[in-house]
Amino acid sequence: MDKWQRELEKNIKTIDHLKKHISLTPKEEKILEKVIEIHPMNITHYYLSLINKKDKNDPIKKMIVPSRDELNLEGSYDTSGEKQSTKSVGLQHKYPETAFVLATNKCAAYCRFCFRKRLVGLSTAEILERFDTAVDYIKKHKEIDNVLVSGGDPLILPTETVEKFLSKLSKIKHLSFIRFGSRVPVTFPDRILMDKKLLKIFKKYSKKNKRLYIVTHFNHPNEITEKSTNAVDKLIKANVILNDQTALLKGVNDKPEILVELMKKLVSIGVNPYYLFQCRPVKRVVHHFQVPFYRGCKIVDDARKKLDGHSKRFKFMMSHNRGKIEVLGTRNNYIYFKQHQARNPELVGQIFRKKLNRKSGWLDDKLNLS
Ligand code: SF4
């Protein structure tokens, strides 16, 4: 076992362990036991150390410590039609040019807002069994020019497995780049800092004409620490290009000044702000994490007023059943959207509007467009 794997073994997974670090009333203990029976808890000591224990509304705590709000059953577990996009177990193909691989159901730490809560730390039924099956599919589909390896968190897989993925994908001539989606730089930067072999592999496969991208997931400026900055620096030195996806989350980053600080810090450490995602209506998540569109637009507009062009490159986006939809903004009692990616490429570029409902945070699956 590698050093970073031994480190992960020490994660906080039980309420008994949690209460050594965070004070809980007996009633809370009981409720949280119930919550983690449904969706397991997994917290790295590093990420736990970022919590300000004196602040009962600490944003890191809200993202990682289970809460009674997870007993609310509003929402669903597949909000963007992942089942419909699945071509074989663990392989999705929603947009012509992108293949998506579900490489694992595990992560360094389990975020309470996760939109793949249905599988994280739970069932492996949707996880790829044989990587070669995905490789064969991608080889046959020449319209695919990039692959996103995600999960769970693929960087939690053994380094040899990461290398196998890269070695096989790099040989496919019609792929122009490869992406890993990972929150490891945020919740467990030691995975990168403790494993020189991983960095060597990244350097080997991130070639001048076929780059390796890591899509990070920073949500709050408090996540940008000396350690995460060092991990990012190592990745950049290994020729990896870093883009960030942030989720807009109630009680975490739903204030313009927090987004401003986050985006500025990301740019300063060399991570490109890419998407700000509307929180999906996920069961046991939506109730306490989703920000209505109306507020979201206002927060984004106010943040953008204080950001330079580089820091405000991110698009405010929703990952809908119909595809990726950009949330453009509000005007005269309407909210405006633009289709950014779609199962049906004919829809890309379409602008549409919906009557403004100040409480609404999602669009119906069957869109009635105007
Ligand atoms: S690291 Fe990503 S996939 Fe894993 S629990 Fe967090 S948000 Fe979900």
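The values are calculated or read from the model by the stated rules, or taken from the named source; none is laboratory data. All values reported here derive from a predicted model rather than from experimental measurement. We place every Cβ from the backbone using ideal geometry, glycine too, and count neighbours over all the protein chains shown.
Quick grid of which residues meet (1) in contact with a Cys (Cβ under 9 Å, 6 or more places away or on another chain); (2) at pLDDT 95 or above:
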| site | (1), (2) |
| --- | --- |
| ASN321 | no, no |
| ILE325 | no, yes |
| THR330 | yes, yes |
| HIS340 | no, yes |
| GLU346 | no, no |
| GLY349 | no, yes |
| LEU356 | no, no |
| LYS359 | no, no |
| LEU363 | no, no |
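If you take the residues in the stretch 101-153 that are among the β-branched types (Val, Ile, Thr) and closer than 26 Å to ASP69 by Cα, which one is surrounded by the fewest Cβ atoms within 10 Å (Cβ to Cβ)? Here the residue is THR124. Against the conditions (1) under 26 Å from ALA99 (Cβ atoms); (2) out of contact with any Phe, Trp or Tyr (no Cβ under 9 Å at 6 or more places or on another chain); (3) surrounded by fewer than 18 Cβ atoms within 10 Å (Cβ to Cβ), THR229 satisfies every one except (1). The single condition among (1) of a type in the set (A, V, I, L, M, F, W, C); (2) within 14 Å of the ligand (Cβ to nearest atom); (3) assigned to a loop (DSSP other than H, G, I, E, B) that LEU128 does not meet is (2). Right, PHE100: at negative phi, within 16 Å of the ligand (Cβ to nearest atom) and part of a strand (DSSP E or B) or not? Taking the combined requirement at face value, the residue satisfies it. Among the residues of the stretch 317-338, which ones are in contact with an Asp or Glu (Cβ under 6 Å, 6 or more places away or on another chain) and over 11 Å from GLN350 (Cβ atoms)? Residues satisfying the conditions are MET317, ASN321.
With the requirement that a residue be without any contact (Cβ under 8 Å) to a residue 40 or more places away in the chain and under 19 Å from TYR213 (Cα atoms), what does the stretch 120-154 give you?
VAL135, ILE138
So, TYR110, is that one outside any helix (DSSP H, G or I), within 13 Å of the ligand (Cβ to nearest atom), among the hydroxyl-bearing types (Ser, Thr, Tyr) and in the same structural domain as SER206 (by TED's automatic domain parsing) or not?
Details: outside any helix (DSSP H, G or I): yes; within 13 Å of the ligand (Cβ to nearest atom): yes; among the hydroxyl-bearing types (Ser, Thr, Tyr): yes; in the same structural domain as SER206 (by TED's automatic domain parsing): yes.
Judged against the criteria, TYR110 is a match.
Remark: ILE38 falls outside the filter, which requires a residue to be touching a Leu at 6+ places or on another chain (Cβ under 9 Å), buried (at least 16 other Cβ atoms within 10 Å of the Cβ) and not acidic (Asp, Glu). Taking ARG313, is it surrounded by 18 or more Cβ atoms within 10 Å (Cβ to Cβ), basic (Lys, Arg), modelled with pLDDT of 95 or more and assigned to a loop (DSSP other than H, G, I, E, B)? Here the answer is no, as ARG313 does not meet what is asked. Anything in the stretch 179-212 that is within 13 Å of LEU155 (Cβ to Cβ) and either more than 16 Å from the ligand (Cβ to nearest atom) or not assigned by TED's automatic domain parsing to the domain that holds PHE115 (or both)? List them, or say none. Passing the criteria: LEU193, MET194, ASP195, LYS197, LEU198, LEU199, ILE201, PHE202, LEU212.
For the stretch 1-41, list the helices (runs of 4 or more DSSP H) that sit wholly inside it and hold at least 2 residues that are among the acidic types (Asp, Glu); which are they? I'd like the intermediate steps shown before the answer.
Numbers: elements: 3-8, 15-18, 26-38.
Correct list: 26-38.
I'm trying to understand the selection: among the residues of the stretch 151-176, which are more than 13 Å from the ligand (Cβ to nearest atom) and part of a helix (DSSP H, G or I)? Passing the criteria: THR159, GLU160, THR161, VAL162, GLU163, LYS164, PHE165, LEU166, SER167, LYS168, LEU169, SER170.
With respect to the stated conditions, GLN339 fails to be without any contact (Cβ under 8 Å) to a residue 60 or more places away in the chain, surrounded by 12 or more Cβ atoms within 10 Å (Cβ to Cβ), over 30 Å from VAL267 (Cα atoms) and not assigned by TED's automatic domain parsing to the domain that holds GLU261.
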